[in-house]
1. Among the residues of the range 68-86, is there at least one that is assigned by TED's automatic domain parsing to the domain that holds residue 154, more than 22 Å from the chain's Cα centre (by Cα) and at pLDDT below 85?
2. What residue, of 159, 141, 145, 194, is outside any helix (DSSP H, G or I), in contact with a Lys or Arg (Cβ under 8 Å, 6 or more places away or on another chain) and in contact (Cβ under 8 Å) with a residue 40 or more places away in the chain?
3. Only one of these conditions is not met by residue 256: (1) surrounded by 17 or more Cβ atoms within 10 Å (Cβ to Cβ); (2) free of Cβ contacts under 8 Å to residues at least 60 places away in the same chain; (3) closer than 30 Å to residue 406 by Cβ. Which number is it?
4. If I filter the range 181-217 down to residues being of a type in the set (Ser, Thr, Tyr) and farther than 13 Å from residue 164 by Cβ, which single residue comes out as modelled with the lowest pLDDT?
5. Can you tell me which condition residue 181 does not meet? The list is (1) outside any strand (DSSP E or B); (2) of a type outside the set (Phe, Trp, Tyr); (3) surrounded by 17 or more Cβ atoms within 10 Å (Cβ to Cβ), and all the others hold.
6. Return yes or no: is residue 273 surrounded by fewer than 13 Cβ atoms within 10 Å (Cβ to Cβ) and hydroxyl-bearing (Ser, Thr, Tyr)?
7. Residue 505 - would you say it is aromatic (Phe, Trp, Tyr), at pLDDT 80 or above, over 25 Å from residue 30 (Cβ atoms) and within 54 Å of the chain's Cα centre (by Cα)?
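The values are calculated or read from the model by the stated rules, or taken from the named source; none is laboratory data. Please read these numbers as outputs of a predicted model, since none were measured by experiment. Please note: Cβ atoms are built from the backbone with ideal geometry, for glycine as well, and neighbour counts cover all protein chains shown.
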Amino acid sequence: MQGKKVSKPIVRISIISIALAVIVNVITIAVVTGFQQEVSQEISGFGAHVFIMGAGDNTVYESEAIRIEQPFISSLKKDPEIRSIYPVGYKPVLFQSDNKEVNYSLANGKDTTEFHQNVFGAIIKGVNEDFDWDFFKEHLIEGIIPDYQNKEKSNHIIISQTLATSLQFSLNDTVKAFFVKNQPVRRNFVIAGIYSTGLEEFDEKIVLGKLSHVQELNDWGVKASINVADTTYDDQLIIRADVTGGNGNYKYDWGKGFQEFSGFLICPYKDTTVRLITADFDLSGLNGEEEANIPDTAYLKIEVKGSEFGRCEFKLTDIDEIERTYLNDDGSKFSVTTSSGSTLANYNGNEFLISPSSKTITFEKMDGKGSSQNYVGGFEIMLKNVENLDAVYKRIKKKIDFIPNKFDELLMTTSIKDNEREIFIWLDFLDINVVIILTLMILIGIINMGSALLVLILIRSNFIGMMKTMGATNWSIRKIFLYQATFLISRGMLYGNIVGLGICFIQSYFGIFTLNPEVYYLSEVPIELTFMHWLILNIATLFVCVLALIIPSIVITRISPVKAIKFD
């Protein structure tokens, strides 16, 4: 009777220790696994599992332009492990809010009004109709996903709730965006949707927009235009090329092949059309000069009305510039008129005066479409199962890395683990924490169960002695106590699983425990526990605890039958 009073609380403590160990271990595995998967998925949603870009030291956000037509695309789309592949481009941007009226009450009781205007830096991620929107559809809290096949909606963007709050933007607002080129460029965009992922580091910098804007703003490829100067030279008009993009080493084809002349003089006397083909050239090629980008073509249509003769003496403005009459809103079509007066003309070596007359010359510019649409910053690849990332990444890398393609481009592949190395190293360290916690909790359970087993053996010394005198072997007696200990461990594991799984269920569905997203990238504690993880944890716990109890059960072999029978 006295033995039961001693053993009962010790047995309860051992059962509780096993239950606590299982509770802590179940929650630990569920939280760490959920945290690793949730953060990995969130980060992959902003980037991609695999990224293909030009070989170099640049990051994903600053990659060199590569051709959009790549031979590997068709083969990768056939890969059963790949869910999608699409082109992207990135461009830094400054967003400026509108003036907001803010009223203050001063210490002297008077009210005052100030106007605040915020500026916030971000990165526009340019995408097209092939983009995988699943991630942003899941985290969209307002608005819609833009339809970039619709040209009228090409200036629609999606921003985060963090940016919208910082700049006091609302859905369908028109926002002013500034980009750095040779000269600052301003564009207006319309907010089509607002998302929120909880990853503050990414929410506050990633904006989704149409790829064509990024292609143009990055000056990928070249864009040609033909301009008419505001002044004349030797009574002739100056026609000159205006080219943007590329590497700046331009050459111009005015109809006689590529040359270095960026313009020419002309005094039109009949209708004509001027054509310009321009390209930039790479001077470092092994075979001499080579075209660095796809050429672009521009046209200038000229119509002459009035006298075919006469010098180009045009009406001038107050600042001595040629007076122009614009014929459309964008200024691409305009006319100029020559001054009236007698003109000295030369025909077959004979000079003669022409009576006063004037002529009107109409110019219509047709700028090139640019070759920027042929270039992208890289290609993002999303996998069907992120667990296969390493194997698929190695396979893609073997096909693409540093193998010159038909455009003599050298490409390289990076995985999300490379692009966000610091975050994934941090996530990997969590595995070490899991091992430490599991080991400590199981060790505590083993110590408590070992203590309980020793107490059970001591209070049943009489029984052990009697069993030995009846011919029972040490091992058969030890098995009796091990079975009893296994039963106690199983009871503790049952209670621990009920409580542990219950807590995981409540957190998974109600999100009671929250996190600071600025520190942990998530707004609430994530839970992810697979049946296989749960099963392995329970089997391992039971096996290790029972195996460890074999050692304290050796005490049974030390008990003498004669002394044990006398023991009370």
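1. Among the residues of the range 68-86, not one is assigned by TED's automatic domain parsing to the domain that holds residue 154, more than 22 Å from the chain's Cα centre (by Cα) and at pLDDT below 85, which makes the answer no.
2. 145
3. Among (1) surrounded by 17 or more Cβ atoms within 10 Å (Cβ to Cβ); (2) free of Cβ contacts under 8 Å to residues at least 60 places away in the same chain; (3) closer than 30 Å to residue 406 by Cβ, residue 256 violates only (1).
4. From the range 181-217, those of a type in the set (Ser, Thr, Tyr) are 195-197, 212; that's our starting set.
Retained after the next criterion (residues that are farther than 13 Å from residue 164 by Cβ): 197, 212.
Working: 197: 84, 212: 88.
Selected residue: 197.
5. (3)
6. Values: surrounded by fewer than 13 Cβ atoms within 10 Å (Cβ to Cβ): yes; hydroxyl-bearing (Ser, Thr, Tyr): yes.
Yes: the conditions hold for residue 273.
7. So residue 505 does not fit the description; no.
Rundown of residues vs (1) crowded, with 17+ Cβ neighbours inside 10 Å; (2) modelled with pLDDT of 90 or more; (3) of a type in the set (Ser, Thr, Tyr); (4) under 20 Å from the mean Cα position of the chain (by Cα), yes/no style:
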site	(1), (2), (3), (4)
344	no, no, no, no
349	no, no, no, no
355	no, no, yes, no
384	no, no, no, yes
394	no, yes, no, no
399	no, no, no, no
